[in-house]
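For reference, the structure discussed in these notes is given below.
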Number of protein chains: 2
Amino acid sequence: MLVAVDSIIFGFDGYELKLLLIQRGFEPEKGKWSLMGGFVQPDENFEQASSRILKQLTGLKNVYMEQLYAFGDPARDPEERTISVAYFALIDIHKYEKQLSDDYHAEWFPLKKIPKLIFDHSKMVKMAQEKLRYKAAFHPILFELLPERFTLPQLYNLYTGVYDTILDKRNFTRKILSTKLLIKQKEKEKEGSKKGAFYYKLDKRRYDSAFHSFLNFIPNPDNLK
Amino acid sequence: MLVAVDSIIFGFDGYELKLLLIQRGFEPEKGKWSLMGGFVQPDENFEQASSRILKQLTGLKNVYMEQLYAFGDPARDPEERTISVAYFALIDIHKYEKQLSDDYHAEWFPLKKIPKLIFDHSKMVKMAQEKLRYKAAFHPILFELLPERFTLPQLYNLYTGVYDTILDKRNFTRKILSTKLLIKQKEKEKEGSKKGAFYYKLDKRRYDSAFHSFLNFIPNPDNLK
């Protein structure tokens, strides 16, 4: 059996949540849209394979990445049995450099306008979206998608995009500020509106300690429903 | 590369959370304690392989099972590169029949007294425990470990066992009953104490609808910390 990794790469441009797709450069399914993937090499574990491929496509290292699921349907690749270990990655889209490689044509798609994908890649994307929603409800994971300085309207767009829902703006802002994860900057972003919106930065120290703090409130069957 | 599945099988006897382990019947590591596992066959997906192996060892079908993680360290099996897709299963220990197969000696171990395991199996067990804790905080998943009729003291033992902590008994009972997932029975269990404890059954209809109800309260960044 062949063993591959595939990456669901999420990015956020301040307005919309997006997905990085490539046009497959070889048969089967040449020219069709696909997730970025590749075979696991003899000396690599899955994380290493996934990082290598992400670096190849985006030029980025040290990106937030997480194993999503192992897909093993015998018929998922019609050519030869290939299992795929899928990873999702969250990147700051502004750090992404265009067309690093000529081997494949890469393009960002808004999550709501994903084209038809090869094999079981649509299923992978759907599962990655669900996992992102699940995780983002308890962990400040979405900040991985933001640049160093961001505004509250951008943050609001990000959350409403991930959950595909409208949130009460005032309430949302109050909740986010109450986490004390954000540090207000003196400068304003002025492209989005006349009035402008203050930039914020993440309090890295608080963020790092908050990220895994989830277990602090787990042994509480309050939520058992 | 070889592709295997390994199963972390949890059971609960009313007092303690336990893990089903086997003594490996072949080299390498013959005679050592191990999770139950096997190779994925050409016509099987991972779930099917995992179910087949679980059936083989325990005689049980239709068991709650969930993919945990794919382990792919190049050196995890010293003989030949083997990746393992790990599943965890929750079974009602009372339905388990002893020694279905002579091929391996299977034994239940309390989670606190797990022997040294082969390869990366200890890591798998640890990760499965963490996932069970995480999931059980939001979903009534632990009921999968209980027999049809159970008592509140048993339920209490189960939760304190999973979280390895002491919970306020009165508070815990109140919370659990407030979920309305339980139906009180007329009969009492009398082995545990002189006074006895009423049996409860799960309200299957409510349980099924509650199980995936989590998404109802996700789009709520309240918990963002």
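Sorted from nearest, the other copies put their A:Pro28 label points 3.6 nm away, the label point being 7 Å from Cα in the direction of Cβ. The residues of chain A expose, per residue, 51 Å² of accessible area to a 1.4 Å probe. Here the calculated FRET efficiency for A:Ala75 and B:Tyr64, from their Cβ-Cβ distance with R0 = 35 Å, stands at 0.85, rounded to the nearest 0.05. Of all aspartates and glutamates in the structure, those lying under 19 Å Cα to Cα from B:Lys201, and not within fewer than 8 positions of it along the same chain, are B:Asp13, B:Asp92, B:Glu144, B:Glu148, B:Glu187, B:Glu189, B:Glu191. Remark: spin-label model distance B:Tyr134-A:Arg52 equals 2.6 nm, labels positioned 7 Å along the Cα→Cβ axis. Kindly compute the accessible surface that chains A and B hide from a 1.4 Å probe when together, both sides summed, and give it to the nearest 100 Å². When A and B are taken together, about 4100 Å² of accessible area is lost. Remark: segment B:48-63, residue by residue, has Karplus-estimated 3J(HN,Hα) of 5, 4, 5, 5, 4, 5, 5, 4, 4, 7, 10, x, 9, 10, 6, 8 Hz, where x stands for each Gly or Pro and the curve is 6.51 cos²θ - 1.76 cosθ + 1.60 at θ = phi - 60°. For chain A, what does -39500 (n - 2.57) per DSSP helix run (n ≥ 4), summed and divided by total residues, give at 222 nm, in deg cm²/dmol to the nearest 500? Value at 222 nm, helices only, nearest 500: -8000 deg cm²/dmol. Full extension of the chain segment joining B:Thr173 with B:Lys190 gains 4.2 nm, where the gain is 0.36 nm per residue of separation less the Cα-Cα distance. Is the C-alpha gyration tensor of the protein assembly as shown telling us rounded, prolate or oblate? Criteria: a/c under 1.5 is rounded; beyond that, a/b larger than b/c is prolate, otherwise oblate. Judged from the Cα gyration tensor, the protein assembly as shown comes out oblate (a/c at least 1.5, b/c at or above a/b). Each residue of segment A:189-201 was assigned a 3J(HN,Hα) from its phi angle through the Karplus curve 6.51 cos²θ - 1.76 cosθ + 1.60 (θ = phi - 60°); the sequence is 8, 10, 6, x, 7, 4, 5, x, 9, 4, 6, 10, 10 Hz, with glycine and proline shown as x. When the solvent-accessible area of the protein assembly as shown is split by element, carbon and sulfur atoms take up 49 percent of it, the probe being 1.4 Å.
Kindly flag which residue pairs out of A:Lys30/A:Lys116; A:Lys135/B:Lys18; A:Lys55/A:Lys95 have an alpha-carbon separation exceeding 21 Å in this structure. Over 21 Å apart, Cα to Cα: A:Lys135/B:Lys18.
Ranking B:Glu107, A:Glu44, B:Glu148 from most to least accessible surface, computed with a 1.4 Å probe over the protein chains only, gives B:Glu148, B:Glu107, A:Glu44.
What is the sum of charges around A:Ala89, taking Lys and Arg as +1, Asp and Glu as -1, for the other residues whose C-beta is under 10 Å from the C-beta of A:Ala89? So the surrounding residues net to -2. State the dimensionless ratio Rg/Rh of chain B (Rg: radius of gyration of Cα atoms; Rh: Kirkwood radius). Over the Cα atoms of chain B, Rg/Rh equals 0.99. What angle do you read, to the nearest 10 degrees and between 0 and 90, between the alpha-carbon axis of helix B:169-178 and the longest principal axis of chain B? Result, in degrees: 90. Each of A:Lys95 and A:Glu107 was given a label point 7 Å from its Cα along the Cα-to-Cβ line. The distance between the two points is 2.6 nm. In this structure, the amide hydrogen of B:Leu17, modeled 1.01 Å from its nitrogen in the peptide plane, lies closer than 5 angstrom to those of B:Leu111, counting only residues at least 5 positions away or on a different chain. Couplings 3J(HN,Hα) for segment B:31-41, derived from phi with the Karplus relation 6.51 cos²θ - 1.76 cosθ + 1.60 (θ = phi - 60°), are x, 7, 6, 8, 6, 7, x, x, 7, 6, 7 Hz, where x marks Gly and Pro.
Name the shape class, rounded, prolate or oblate, that the alpha-carbon gyration tensor gives for segment B:1-62, where a ≥ b ≥ c are the square roots of its eigenvalues, rounded holds for a/c under 1.5, and otherwise prolate holds if a/b is larger than b/c and oblate otherwise. Here segment B:1-62 falls in the oblate category. Each other copy holds its own label point for A:Lys201; taking that point as 7 Å from Cα along Cα to Cβ, the gaps run 6.2 nm, nearest first. Sparsely packed loop sites in segment B:185-214 (the GluC sites (Glu not before Pro) outside DSSP H, G, I, E and B with at most 14 other Cβ atoms within 10 Å) comprise B:Glu191. In chain B, the beta carbon lying closest to the axis that superposes B onto A belongs to the residue given here with its whole-angstrom distance, B:Ala70, 2. Label point of B:Phe39 (7 Å along Cα→beta-carbon): distances to the other copies' equivalent points are 1.9 nm, sorted ascending.
For A:Glu189, the amide hydrogen comes within under 5 Å of the amide hydrogens of A:Ala197, A:Phe198, A:Tyr199, counting only partners 5 or more places away or on other chains and with H modelled in the peptide plane.
Equivalent-ellipsoid semi-axes for segment A:110-173 (Cα gyration tensor, √(5λ), whole Å, largest first): 25, 12, 12. The Cα atoms of segment B:18-128 define a convex hull whose projected area, averaged across directions, is 6.9 nm². Measuring against 19 Å, Cα to Cα, the residue pairs A:Lys126/B:Lys204; A:Lys131/B:Lys131; B:Lys131/B:Lys169 contain A:Lys126/B:Lys204; B:Lys131/B:Lys169 as the ones spanning a longer distance.
Among the trypsin sites (Lys or Arg not before Pro) in segment A:128-213, those placed in a DSSP loop whose Cβ has at most 11 other Cβ atoms within 10 Å are A:Lys180, A:Lys190, A:Lys194, A:Lys195. Across the protein chains, with a 1.4 Å probe defining accessible surface, the residues B:Met36, B:Met127 rank B:Met127, B:Met36 from largest area downward.
The values are calculated or read from the model by the stated rules, or taken from the named source; none is laboratory data. All of these numbers come straight from a predicted model, not from anything done at the bench. Cβ atoms come from the backbone with ideal geometry, glycine included; neighbour counts cover every protein chain shown. We work out accessible area using only protein heavy atoms, side chains counted, and drop any ligands, DNA or RNA first. Shrake-Rupley method; radii C 1.70, N 1.55, O 1.52, S 1.80 Å.
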